[in-house]
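One structure below.
The values are calculated or read from the model by the stated rules, or taken from the named source; none is laboratory data. Since this is a predicted model, take the numbers as computed values, not measurements. Note: ideal-geometry Cβ built from the backbone for every residue, glycine included; neighbour counts use all protein chains shown.
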Amino acid sequence: MVVSALYRTLEELHAGARWGRVLDAGTGTSSLKWLSELPTERWDAVTGAESMAAQIRAAGIRVREVDRLIVGNWEDPTLLAGERYDVVIADYLLGAVEGFAPYFQDQLFPRLRELVGGRLYLIGLEPYVPYLPTDMSGQVVSAIGRLRDACLLLAGERPYREYPLSWVRRQLEQCGMRVVQERRFPIRFGPAFIQGQLNMAKARAERLSDRAFADALLTHIERTRGEAMALCERRGGLRSGEDYVVWAEPR
């Protein structure tokens with residue numbers, strides 16, 4: 001398995017410590033494939049969507065008898081009530097909360113704090129929507145994000161909502177945790193990002209009942225795709241924005 005730089009960073013931060021019992025608080029196939037290869041005693045993995053659980057089950061990820069894949073929502077106070085974990089991992093969970101528990105973001109860290117016996121590792125993304133960067137690559141990335149989100153909203157769905165590292169720091173402090181380390185990683189968006197995000201927009205635009213409006217939107221999507229792919233090829237990727245990793249512990 002190819003391990004991303006972000007997961008490698010978590011392994012570096014954790015070097016010399018035992019993994020023990022681990023919670024993947026917002027799981028997906030990537031994070032769980034990585035987690036399943038670590039020397040854990042057991043893991044629990046939570047997803048808010050049965051469709052994601054089905055994808056994970058079909059991915060052939062190693063699951064031991066002690067491991068659990070759980071479909072649940074962090075708004076539910078009974079979810080994993082009374083459990084404690086040596087490590088809690090929140091891999092892009094903050095941005096995804098909007099789709100499953102709108103307006104719950106300020107309660108997410110207090111909710112996870114109850115479960116952290118040792119360390120919390122958080123992976124997040126600095127927002128690139130609705131900001132308007134001055135450089136061309138940033139402008140194109142932001143335009144793709146705004147177009148994607150507009151199509152999701154028009155189709156009656158909720159886009160993800162990312163939060164900056166500064167907001168994360170404040171929330172962690174307020175719920176009784178201290179940041180031990182944080183790291184930032186510049187992003188270079190490639191063709192997979194462009195195609196994936198605009199295919200998502202296209203699928204939603206095709207659902208709209210106003211066909212004249214839908215056709216105009218689809219034309220705009222394809223024009224954006226062509227311009228973005230051309231710029232991506234010229235520049236060897238669209239360099240814009242940052243991911244971040246935070247290691248926090250209870251005070």
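Would you confirm whether any residue within the stretch 67-86 is within 21 Å of the chain's Cα centre (by Cα), of a type in the set (Lys, Arg), within 19 Å of Ser30 (Cβ to Cβ) and assigned by TED's automatic domain parsing to the domain that holds Ala53? So far as the stretch 67-86 goes, yes, one or more of its residues are within 21 Å of the chain's Cα centre (by Cα), of a type in the set (Lys, Arg), within 19 Å of Ser30 (Cβ to Cβ) and assigned by TED's automatic domain parsing to the domain that holds Ala53. Restricting attention to the stretch 164-201, the residues being within 17 Å of Glu242 (Cα to Cα) and in a strand (DSSP E or B) number 9. Taking the criterion of being over 17 Å from the mean Cα position of the chain (by Cα) and closer than 14 Å to Leu23 by Cα, the residues of the stretch 101-137 that qualify are Arg111, Arg113, Glu114, Leu115, Val116, Gly117, Gly118, Arg119.
If only residues of the stretch 19-30 that are farther than 16 Å from Gly72 by Cβ and either small (Gly, Ala, Ser) or outside the structural domain of Arg119 (by TED's automatic domain parsing) (or both) are counted, the one that is modelled with the lowest pLDDT is Ser30. Among residues of the stretch 114-137 being more than 15 Å from Glu162 (Cβ to Cβ) and touching a strand residue (DSSP E or B) at 6+ places or on another chain (Cβ under 6 Å), the one that is surrounded by the fewest Cβ atoms within 10 Å (Cβ to Cβ) is Gly117. Of all residues in the stretch 223-251, those being part of a helix (DSSP H, G or I) and touching a Leu at 6+ places or on another chain (Cβ under 8 Å) number 5.
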